[in-house]
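Have a look at the structure below, then the notes.
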Amino acid sequence: MNINATLIGQAISFTIFVWFCMKYVWPPLTAAMQERQQQMSEGLQNAEKAQAELDLAKAEVENQLKEAKQQSASLIDQANKRGNQIVEEAKDIAIKEGERLKQAAQADIEQEVNSAKEALRQQVAVLAIAGAEKILASSVDQNAHSEMLNNLAAEL
Amino acid sequence: MSAETTGSASSAYIKHHLTNLTYGQHPDGTWGFAHSGAEAAEMGFWALNVDSLGWSIGLGVIFLLLFKSVASKATAGVPTGMQNFVEMIVDFIDSTVKDSFHKVNPLIAPLALTIFVWVFLMNFMDLIPVDFIPQIFHLLGVEYMKVVPSTDPNITMGMSLSVFVLILFYSVKEKGAGGFFNELARNPFEHPAFIPFNLFLEILNLVTKPISLGLRLFGNMYAGEMIFILIALLPAWIQWSLSVPWAIFHILVITLQAFIFMVLTIVYLAMAHESH
């Protein structure tokens with residue numbers, strides 16, 4: 001418990017230790033810690049940036065989806081319209097065709113009727129002549145009356 | 001020690017435990033180790049307490065080698081194991097220094113780190129059972145062995161006086177010799193007639209700082225060591241009932257004393273840097 005040169009020895013070792021600590025221990029440790037701190041703050045900033053970018057991308061996707069939906073809706077609409085149009089056109093064509101067929105059939109019928117009328121007229125003239133012949137017997141001059149009978153047949 | 005210890009044997013035991021291994025010049029002119037406390041006292045100032053100094057330097061070297069090995073391998077990546085532990089201490093010291101020291105001085109933080117860890121390690125020797133190491137050295141033929149350096153006033157005062165030198169150095173460096181003298185002479189009473197009185201007060205105040213700093217650590221550790229020695233006088237089967245609670249409490253004391261020594265050093269040096 002005597003005060004002696006130990007005091008000086010301790011003071012010298014204290015000085016040396018503090019110097020050593022200041023030179024070789026403290027700076028590398030704090031440098032590493034500061035560097036890590038910086039890296040961490042950078043990492044956090046990057047994460048924030050990435051989050052913002054993600055939000056932006058999400059909004060973009062939503063926009064594009066909406067656009068695509070609108071486009072498909074308009075496409076379906078157009079297709080429907082076109083389909084209706086085609087059906088209408090087909091109907092028109094069918095009606096016209098039917099009309100044409102009907103007219104052709106009527107023309108045929110008329111022709112048939114006319115030819116039948118002609119044939120009947122011929123036959124009536126022949127029958128009228130034969131009847132008149134029978135009625136008038138031989139008194140009637142065939143040649144004199146045939147013109148008259150022909151005219152009659154033409155009038156029928 | 002056992003139960004049959006007599007009164008004089010106990011006091012011899014205590015005295016033996018409180019005697020340093022001192023190397024110096026005997027009164028007859030030869031150099032060597034003192035064989036008793038009285039002989040050590042006769043050696044005067046130019047003697048060394050080899051045990052205190054040896055343990056103190058040994059612990060300081062352990063501290064520096066450990067921290068140096070971590071520091072040279074330290075990376076900015078995820079810290080693991082030892083690096084984590086060391087960084088925790090460094091961070092703690094750094095924030096303590098930043099709290100009370102506002103100027104820029106690259107010395108202060110490493111100084112605080114050295115004081116804290118070194119004093120803590122020296123105090124920690126107190127937790128090793130009191131007879132352990134002395135007994136080993138006894139078997140090796142060494143008579144005295146005091147293993148807790150901070151129970152030696154030479155050690156604590158050696159550190160506090162070094163801090164005192166730093167206080168004086170930075171006071172003069174930051175304020176100039178005139179400014180420093182002004183500060184001493186003009187406080188607390190700003191009047192020419194009071195200059196001698198102010199000087200007396202302020203110089204007393206200044207000188208008290210290292211003395212109280214060194215003696216506080218010494219007193220606390222000496223008292224703690226003393227109680228461990230007294231507990232060691234009890235019968236062996238009952239010692240644990242006192243030594244365990246005291247050791248647990250002492251963990252707090254040794255940390256606190258190391259912390260106080262460090263904080264006061266920072267505060268004193270902060271006062272040396274700032275004029276008030």
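The values are calculated or read from the model by the stated rules, or taken from the named source; none is laboratory data. Quick caveat: nothing in here was measured; it's all calculated off a predicted structure. A quick note on method: Cβ atoms are made from the backbone with ideal geometry, for glycine too, and the neighbour counts reach across all protein chains shown. Keep in mind that these areas ignore ligands, DNA and RNA; they rest on the heavy atoms of the full protein, side chains included. Shrake-Rupley method; radii C 1.70, N 1.55, O 1.52, S 1.80 Å.
On the principal axes of its Cα set, how long, how wide and how thick is the range B:197-276? Give whole Å, largest value first.
58, 22, 11
Using the Kirkwood formula on the Cα atoms of the range B:3-273, what hydrodynamic radius do you get, in angstrom to one decimal?
Hydrodynamic radius (Kirkwood, Cα only) of the range B:3-273 equals 21.2 Å.
State the answer as a single residue: which of B:255, B:162, B:196 lies farthest towards the positive end of the charge dipole of the protein assembly as shown, with beta carbon charges of +1 for Lys and Arg and -1 for Asp and Glu, about the Cα centre.
Sorting the options by dipole projection puts first B:196.
Give the Cα extents of the range A:2-156 along the principal axes, in whole Å, largest first.
198, 20, 17
To the nearest Å, what is the center-to-center distance of the range B:226-240 and the range A:78-135, using C-alpha atoms only?
142
Please report the accessible area of residue A:48 (heavy atoms, 1.4 Å probe, ligands and nucleic acids excluded) in Å², nearest 10.
Here the residue's solvent-accessible area equals roughly 140 Å².
I'd like the accessible area for residue A:89: 1.4 Å probe, protein heavy atoms, all chains in place, Å² to the nearest 10.
Probe radius 1.4 Å; accessible area of residue A:89 about 90 Å².
In nm, what is the difference between 0.36 nm times the number of residues separating residue B:240 and residue B:31 and their Cα-Cα distance?
71.1 nm
Under 19 Å from a point placed 7 Å out from the Cα of residue B:207 along the Cα-to-Cβ direction: which residues of the range B:152-169 have their backbone N that close?
In the range B:152-169, the label zone of residue B:207 (backbone N under 19 Å from the point 7 Å along Cα→Cβ) covers B:157-169.
Using a Förster distance of 30 angstrom, determine the FRET efficiency expected from the C-beta separation of residue A:133 and residue A:110, and round it to 0.05.
On the way: r = 34 Å, r/R0 = 1.14.
Given R0 = 30 Å and the Cβ-Cβ separation, E is 0.30.
Which value at 222 nm does chain B reach when only helices count, each DSSP H run of 4 or more adding -39,500 (n - 2.57), with the total divided by all residues and rounded to the nearest 500 deg cm²/dmol?
Helix-only estimate at 222 nm: -24500 deg cm²/dmol.
More than 19 angstrom separation, counting every C-alpha pair in the range B:1-122; what % is that?
On the way: 4904 of 7381 pairs.
Percentage above 19 Å: 66.
So, in nm, how far is label residue B:168 from label residue A:31 when the simple model puts each one 7 Å beyond its Cα toward the Cβ?
Label-label distance for residue B:168 and residue A:31, simple model: 3.6 nm.
Per-residue Cβ counts within 10 Å, from other chains only, averaged over A:28-39: what number is that?
6
If you take each beta carbon of peptide B:62-68 and count the beta carbons of other chains within 10 angstrom, what is the mean?
Partner-chain Cβ atoms within 10 Å, mean over residues of B:62-68: 4.
Can you sort B:170, B:23 by solvent-accessible area, 1.4 Å probe, largest first?
Sorted descending by solvent-accessible area, the residues read B:23, B:170.
At R0 = 25 Å, how high is the FRET efficiency between residue B:260 and residue B:42 if r is their beta carbon distance? Nearest 0.05 is fine.
0.10
By how many degrees, between 0 and 90 and to the nearest 10, does the Cα long axis of helix A:142-155 differ from the longest principal axis of chain A?
For A:142-155 against chain A, the angle is about 30 degrees.
Quick one: plug the Kirkwood hydrodynamic radius of the range B:108-260 (C-alpha pairs) into Stokes-Einstein at 25 °C, 0.890 mPa s, and report D in µm²/s.
It diffuses with D of about 135 µm²/s by this estimate.
So how far, in whole Å, is the C-alpha centre of the range A:1-70 from the one of the range B:60-93?
Each part's Cα centre sits 15 Å from the other's.
How big a patch of accessible area, both sides summed and in Å² to the nearest 100, lies buried between A and B at a 1.4 Å probe?
Numbers: alone 14290 and 15020 Å², together 25720 Å².
Chains A and B together bury approximately 3600 Å².
Let me know the shape class of the protein assembly as shown, please: from the alpha-carbon gyration tensor, a ≥ b ≥ c as square roots of the eigenvalues, rounded when a/c is under 1.5, otherwise prolate if a/b is greater than b/c, or oblate.
prolate
So for A:117, A:134, what's the accessible-area order with a 1.4 Å probe, most first?
A:134, A:117
How many percent of the accessible area of the range A:20-112 is carbon or sulfur, using a 1.4 Å probe?
Values: 4400 of 8020 Å².
Roughly 55 percent, rounded to a whole number.
Over the Cα atoms of the range B:56-142, what Rg and Dmax result, in angstrom?
Here Rg and the maximum Cα pair distance are 16.7, 53 Å.
Taking chain B as the reference, fit the longest principal axis to its C-alpha atoms, fit the long axis of helix B:108-124 to the helix C-alpha atoms, and give the angle between the two in degrees, 0 to 90, nearest 10.
Tilt relative to chain B: about 20 degrees.
Shielding of B:158-165 by partners, i.e. mean partner chain Cβ atoms within 10 Å per residue?
If you average over the peptide's residues, the count of other-chain Cβ atoms is 5.
Run the numbers for residue B:102 and residue B:230: contour at 0.36 nm per residue of separation, minus the present Cα-Cα distance, in nm.
Difference between extended and current length: 41.6 nm.
Could you grab the relative contact order for the range B:3-273? Cα pairs under 8 Å, six or more apart, rounded to a whole percent.
Working: 273 pairs, mean separation 67.9, N = 271.
Taking the mean separation of contacting Cα pairs over the length of the range B:3-273, I get 25 percent.
If the elastic network links every pair of Cα atoms under 10 Å, which of B:133, B:115, B:254 fluctuates the most in the Gaussian network model of chain B?
B:133
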